[in-house]
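A short worksheet on the structure shown next.
The values are calculated or read from the model by the stated rules, or taken from the named source; none is laboratory data. These figures come from a predicted structure and were not determined experimentally. Ideal geometry is used to build each Cβ from the backbone, glycine not excepted, and the neighbour counts take in all protein chains shown.
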Amino acid sequence: MYRFGSGRRSATTNLILINAVVFLLTLIRPQFYSFFGLTPARFASRPWTLFTAMFLHYGFGHIFANMFTLYFFGDFITHLVGESKFLFIYLLGGVTGNIFYILLAPPFATAVGASGAIFALGGTLAVMRPKVRVFVFPIPVPMQLWIAIVGGFLILWLVPGVAWQAHLGGLLFGALAGLFFRRRETRIF
């Protein structure tokens, strides 16, 4: 979201732009996937992939789903805890998700995507605002946010080829961050 009159883009918008630019670069240079993607067996010789894999996406559907969710979750989280804490949750949640991937995934399976970071935001929201009602396409009735987040995780867990390990790590990190920020929120009021 661009804040008119502020002269700067939000952190959410900047992350979406960075991911979009990296996605376009991978269309030109597909070898980026093997060099910047996270493969557990190669992590010791390519430690940067713990971070860089968060900015790579396979295909338009993958980046669209992650950036669409980031747009809504990012603004919501930023409103609740502020921009710097949003970035902290996003980046550290993504790294935590990637650590879970290293520990739990097959050694030569390469993972890319921001899903660990996205699930960290979702976990934070599920704890801080569990009863907010949301619509999830294609379901025509609203549901509580925590049900949408946990249900989304469970559905993706069953899809072959999806790095559920990163989703799990991000979700758990986000839930812990949500507990921390929720406690601080209740102390203030």
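Values for this structure:
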quantity: Hits in region 12-30 (condition: free of Cβ contacts under 8 Å to residues at least 24 places away in the same chain and within 13 Å of Val112 (Cα to Cα)); calculated: Pro30
quantity: Subset of region 123-162 [part of a loop (DSSP other than H, G, I, E, B) and of a type outside the set (A, V, I, L, M, F, W, C)]; calculated: Arg129, Pro130, Lys131, Pro138, Pro140, Pro142, Pro160, Gly161
quantity: Selected residue [surrounded by fewer than 17 Cβ atoms within 10 Å (Cβ to Cβ) and at pLDDT 95 or above] from Leu179, Leu156; calculated: Leu179
quantity: Every residue from region 86-122 that is in a loop (DSSP other than H, G, I, E, B), more than 11 Å from the chain's Cα centre (by Cα) and among the hydrophobic types (A, V, I, L, M, F, W, C); calculated: Ala105, Phe108, Ala109, Val112
quantity: Selection count, region 59-77, where residues are touching a residue at least 60 places away in the same chain (Cβ under 8 Å) and surrounded by 20 or more Cβ atoms within 10 Å (Cβ to Cβ); calculated: 1
quantity: Exclusive hit being crowded, with 17+ Cβ neighbours inside 10 Å, touching a strand residue (DSSP E or B) at 6+ places or on another chain (Cβ under 7 Å) and modelled with pLDDT of 95 or more, set Ala111, Ala148, Ala120; calculated: Ala111
quantity: Residue among Arg187, Arg129 that is among the basic types (Lys, Arg) and at pLDDT 90 or above; calculated: Arg129
quantity: Answer from Ala20, Ala53, Ala41 - the residue that is in contact with a Ser or Thr (Cβ under 9 Å, 6 or more places away or on another chain) and at pLDDT 95 or above; calculated: Ala53
quantity: Leu145 being more than 30 Å from Ala44 (Cα to Cα) and in contact with a Lys or Arg (Cβ under 7 Å, 6 or more places away or on another chain); calculated: yes
quantity: Unmet criterion (only one of (1) within 20 Å of Gly161 (Cβ to Cβ); (2) of a type outside the set (Ser, Thr, Tyr); (3) touching a Ser or Thr at 6+ places or on another chain (Cβ under 9 Å)) for Gly74; calculated: (1)
quantity: Which listed residue is of a type in the set (Val, Ile, Thr), within 13 Å of the chain's Cα centre (by Cα) and under 20 Å from Thr96 (Cβ atoms), from Thr39, Thr12; calculated: Thr12
